[in-house]
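What follows is a short report on a single structure.
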Amino acid sequence: MTRIIAGAIGSLQLKPAAKATRPTSDRVKESLFAKLDAMGVIEGAKVLDLFAGTGALGLESASRGATSIDLVERDRNAFGLLEQNVKSSLSSFDKQGISNKIQAHNLDAQRYLKSVIAGFDLVFIDPPYDFPNSELELLLNSISDFLSDEGLVVVERSSRSEQLEIESLELQSSKTYGDTAVWIYEKP
């Protein structure tokens with residue numbers, strides 16, 4: 001069961017993941033967002049959630065104060081669930097008088113990035129575990145152009161994945177949770 005953990009719409013249940021997605025566990029989400037909250041990067045942030053799946057990471061950010069969220073999901077079935085989760089989240093925000101911008105895009109990550117102009121403060125990248133590292137490295141190297149000066153990129157991968165080689169970003173921290181690794185990158 002996927003849910004929003006904390007913030008304005010905390011405990012909101014999200015539609016479960018499509019077969020094509022692997023949801024981030026609550027344990028990983030709690031730890032990651034505690035760190036991001038402590039760093040002060042969520043409040044008022046412009047967030048990009050690539051490989052969004054159910055939208056759990058981007059919507060968690062919205063619940064905790066991010067004001068602009070772009071959710072990108074290529075898989076059509078997963079995108080249908082994502083749209084439902086966005087609608088229920090926006091409805092919950094509206095009931096509380098909170099307005100924010102949440103948009104879902106049914107596009108491939110690289111194709112979406114070709115249309116982006118503005119900088120993001122926080123980018124989540126949680127591709128399928130079988131997504132090739134070489135493609136992920138290309139994606140990460142191009143993302144630095146879309147980051148604000150203090151922007152962060154959070155990558156979730158299998159703990160068995162090889163360390164990524166990224167020229168345009170610097171590894172700020174890493175943590176392993178069982179079979180999941182979370183790497184946080186920043187501009188050098």
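Values in this text are rule-based calculations from the coordinates and carry no lab data. Owing to the predicted nature of the structure, the values given are computational and were not obtained by experimental measurement. With ideal geometry, Cβ positions are generated from the backbone for all residues, glycine too; neighbour counts draw on all protein chains shown.
Comparing mean-square fluctuations of Glu73, Glu170, Glu162 from a GNM of the chain with C-alpha springs under 10 Å, the top value falls on Glu162. Full extension of the chain segment joining Ala6 with Asp179 gains 59.9 nm, where the gain is 0.36 nm per residue of separation less the Cα-Cα distance. Spatially, the range 48-108 and the range 143-168 are offset by 21 Å when compared through their Cα centroids. Ellipticity at 222 nm from helices only: DSSP H runs of n ≥ 4 in the chain, each -39500 (n - 2.57), divided by the residue count, give -9500 deg cm²/dmol.
Counting other Cβ atoms within 10 Å as a rough exposure proxy, the listed residues Tyr177, Tyr185 run Tyr177, Tyr185 from fewest neighbours to most. Using a Debye calculation, one point per C-alpha and no hydration shell, please list log10 I(q)/I(0) for the range 50-114 at q = 0.25 Å⁻¹ in order. Rounded to two decimals, the profile gives -1.03. Report, in degrees rounded to the nearest 10, the 0 to 90 angle that the Cα long axis of helix 76-95 makes with the longest principal axis of the chain. The angle comes out near 50 degrees. A dipole drawn for the chain from +1 and -1 charges on Cβ atoms has a positive end, and of Ser63, Ser158, Pro127 the residue lying farthest that way is Ser63.
Label-to-label distance, Gln13 versus Ser31, with points set 7 angstrom from Cα along the beta-carbon direction: 2.8 nm. Can you list the lysines whose alpha carbon is less than 23 Å from that of Lys114, not counting same-chain residues fewer than 8 positions off? Straight-distance partners of Lys114: Lys46, Lys101, Lys187. Scanning residues 5 or more positions from Leu48 or on other chains, those with amide H under 5 Å from its amide H are Asp70, Leu122, Val123, Phe124, with H placed 1.01 Å from N in the peptide plane.
Normalising the Debye intensity of the range 2-186 to I(0), with uniform scatterers on Cα atoms only, and taking log10 at q = 0.09, 0.16, 0.17 Å⁻¹ returns -0.27, -0.94, -1.09. Across 5 Å bins from the origin, how do the percents of Cα pairs in the range 125-188 run, short distances first? So the P(r) values, bin by bin, are 4, 18, 32, 26, 14, 5, 0.
Checking every one of the trypsin sites (Lys or Arg not before Pro) in the range 109-188 against DSSP loop status and a limit of 12 other Cβ atoms within 10 Å picks out Lys114, Arg160.
The slack between Gln172 and Ala38, meaning 0.36 nm per residue of separation minus the straight C-alpha distance, is 46.8 nm. Taking Cα atoms, how many degrees apart are the long axis of helix 133-143 and the longest axis of the chain, rounded to 10 and kept between 0 and 90? Orientation of helix 133-143: about 70 degrees from the principal axis.
Output the 0 to 90 degree angle, nearest 10, between the alpha-carbon long axis of helix 26-39 and the longest principal axis computed from the alpha carbons of the chain. That works out to roughly 80 degrees.
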